[in-house]
Amino acid sequence: MQNLSEKQRLEQLIRVNQAGEYGAKRIYRGQLAVLGKTDIAPTLQHMEAQEQVHLDAFNQLIVEHRVRPTALHPLWHVAGFALGAGTALLGKKAAMACTIAVEEVIEEHYAEQIADLEKNDPTSPLIPTLQKFRAEELEHKDTAEAQEGKKAPFYPLLRQVIRTGSKTAIFLAKRV
């Protein structure tokens, strides 16, 4: 977040996180559309509920700080659901592989934001919020690993494609 004013950094942080949490919720909606009547449904519902709490927090921050949301919401709406449903159609392990890949990127993203705030605005009230959300994203990743997400067919390829897509989504949401 170099070469940005403090206000621009804050706006970018709120915009990208609100978009990311919206996308995460849509991924779980897609997974539940396919796997909603299986043994993994309660796990998916729990993770989706946590993502909703994250989304609600960033929706509130969007309003409080008068931040323009990303113009890419229609894309996140469709792409998130498609990613969730598409991986779930490949089976529970592939859905969990998706969760692993997305949560790895989000955890790294939150860690970078926390480090930036601790350096540039160490009293920011967002630090504890981001730390809590990061811990919950790590919980999702750990849950997905426990559900054998790494045993999904073509896991290395699936993981790499989803990680690249997630990083691209973050890049775009910061700017558009």
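Observations
- Taken together, the residues in segment 121-150 that are within 25 Å of K7 (Cβ to Cβ), not in a helix (DSSP H, G or I) and not polar (S, T, N, Q) amount to 3.
- Condition check for A95: surrounded by fewer than 17 Cβ atoms within 10 Å (Cβ to Cβ) and in a helix (DSSP H, G or I): no
- Taking segment 73-89 as the range and being closer than 26 Å to K7 by Cα and either touching a residue at least 60 places away in the same chain (Cβ under 8 Å) or surrounded by 17 or more Cβ atoms within 10 Å (Cβ to Cβ) (or both) as the test, only W76 passes.
- Residue match in segment 4-20 (condition: closer than 23 Å to A94 by Cα and in contact (Cβ under 8 Å) with a residue 24 or more places away in the chain): yes
- Condition check for P153: surrounded by 13 or more Cβ atoms within 10 Å (Cβ to Cβ) and not in a helix (DSSP H, G or I): no
- Single match in L172, L157 (criterion: of a type in the set (A, V, I, L, M) and at pLDDT below 95): L172
- One residue alone among E11, E51 is under 16 Å from E103 (Cβ atoms) and either surrounded by 14 or more Cβ atoms within 10 Å (Cβ to Cβ) or among the aliphatic types (A, V, I, L, M) (or both), and that residue is E51.
- Consider segment 25-43 and keep the residues that are of a type outside the set (V, I, T) and in contact with a Ser or Thr (Cβ under 9 Å, 6 or more places away or on another chain). The one that is surrounded by the most Cβ atoms within 10 Å (Cβ to Cβ) is Q31.
Conditions tested, residue by residue: (1) farther than 17 Å from K25 by Cβ; (2) within 15 Å of the chain's Cα centre (by Cα).
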position	(1), (2)
K92	yes, no
A97	yes, yes
A101	no, yes
V105	no, yes
Q113	yes, yes
K119	yes, no
S124	yes, no
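- Picking from residues in segment 55-72 that are part of a helix (DSSP H, G or I) and either surrounded by 15 or more Cβ atoms within 10 Å (Cβ to Cβ) or among the β-branched types (V, I, T) (or both), the one that is farthest from the chain's Cα centre (by Cα) is V63.
- Selection count where residues are of a type outside the set (A, V, I, L, M) and in contact (Cβ under 8 Å) with a residue 24 or more places away in the chain, scope segment 99-138: 15
The values are calculated or read from the model by the stated rules, or taken from the named source; none is laboratory data. Computed from a predicted model, the values in this text were never measured in an experiment. When we count neighbours, we look across all protein chains shown, and the Cβ atoms used for this are built from the backbone with ideal geometry, even at glycine.
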